[in-house]
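Participant: This structure is in structure tokens; I'll ask about it shortly.
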Amino acid sequence: MIEARALTKRYGDKLAVDGLTFTVRPGVVTGFLGPNGAGKSTTMRMILGLDAPTSGTVTVNGRPYLAHSAPLHEVGALLEARSVHPGRSAYNHLLALAHSNGISRSRVDDVVEAVGLAGSARRRAGRFSLGMGQRLGIATALLGDPRTVILDEPLNGLDTEGIRWVRALLRNLADDGRTVFVSSHLMNEMALTAEHLIVIGRGRLIADTSMAEFVASRGRSVVRVRSTDPRALAARLEAPEVEVSHDGGGSLTVSGLTTDQVGRAAAAAGITLLELTARQTSLEEAFMELTHDAVEYRAPSTAGAAS
């Protein structure tokens, strides 16, 4: 379990993390989301004792990370996959960590096999692709068979097979009763993997809720309808709280009404429906809506760039 209480970090005049309080519980995959510059990496570094909080506390399994006598057995982490000597083989990198932490050679063999590096473990890490480097980083995180796993952007550089493998790995770790805390900018994958979300913006907590509640509480369902008379149907559906847009091919996208309401309106107008489907707000859409005012680095609009 990870527990942060009023966790704050300041770098000079820059307030990177501002009074964060949250708990990451075992048995579920908890996603850690926020725009670039939100303070996610700083928070993870404080959890792992790499940065000292300006104020507040954070503990892992009841103690600060640095107070654990065998921290690699308590917490496995991936913050920067490339933090490996490039001239050392993947196997020797893991073996050195194992020897210094009282971990058997057989465990090195196990994690090398588990992450799919058995055929490449004797190669120098400096020659690894980004995806292979990520697998080595995950192997390092798993080496001590820890109760808590913290992964920062573990999907970077992985192909489709690798992404599916990480997805299954995270679920298996949670099912085994471990604490799993993972950040990613790949919203589609986070939607498939995480059961709980902690969302921050400008260093502050803005959501701590289940995935289902987060998505359900943001935005409205969108209805796609195709009919024999889209213009007449659009006119019939117009209302102050309803948005209707023409998608071409006789299709309309309607926000603010349910499929039942659209169907009844069409029936009352004598308009035949050819298609009527609903789509729930996605995690990406819900995230963008929630963090719109917390984005620190915003690109110029397309229109502005083109002018």
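The values are calculated or read from the model by the stated rules, or taken from the named source; none is laboratory data. From a predicted model like this one, the values you see are computed outputs, not experimental measurements. Here the Cβ is made from the backbone with ideal geometry for all residues, glycine too, and neighbour counts use every protein chain on show.
Participant: Determine if the range 88-106 includes at least one residue that is closer than 24 Å to Ser183 by Cα and either surrounded by fewer than 20 Cβ atoms within 10 Å (Cβ to Cβ) or at pLDDT below 90 (or both).
Facilitator: No; the residues of the range 88-106 include none that is closer than 24 Å to Ser183 by Cα and either surrounded by fewer than 20 Cβ atoms within 10 Å (Cβ to Cβ) or at pLDDT below 90 (or both).
Participant: For Thr272, work out the one condition from (1) more than 28 Å from Thr30 (Cα to Cα); (2) of a type outside the set (A, V, I, L, M); (3) modelled with pLDDT of 90 or more; (4) under 29 Å from the mean Cα position of the chain (by Cα) it doesn't fulfil.
Facilitator: (4)
Participant: Of the residues that sit in the range 137-167 and are within 15 Å of the chain's Cα centre (by Cα) and either basic (Lys, Arg) or modelled with pLDDT of 95 or more (or both), which one is surrounded by the fewest Cβ atoms within 10 Å (Cβ to Cβ)?
Facilitator: Top of the filtered list is Arg164.
Participant: Got a sec? Which of Leu151, Leu155 is in contact with a helix residue (DSSP H, G or I) (Cβ under 9 Å, 6 or more places away or on another chain), outside any helix (DSSP H, G or I) and over 23 Å from Val108 (Cβ atoms)?
Facilitator: It is Leu155.
Participant: Could you list, ordered by first residue, the pairs with Cβ atoms under 9 Å in which the first is in the range 140-159 and in the same structural domain as Ala77 (by TED's automatic domain parsing) and the second is part of a loop (DSSP other than H, G, I, E, B) and among the charged types (D, E, K, R), at least 6 apart or interchain?
Facilitator: Pro146/Arg178; Arg147/Arg178; Thr148/Arg178; Val149/Arg178; Asp152/Glu80
Participant: Let me ask something else about it. Take the residues of the range 168-212 that are among the hydroxyl-bearing types (Ser, Thr, Tyr) and either assigned to a helix (DSSP H, G or I) or surrounded by fewer than 19 Cβ atoms within 10 Å (Cβ to Cβ) (or both): which is nearest to the chain's Cα centre (by Cα)?
Facilitator: Checking each candidate, the answer is Thr193.
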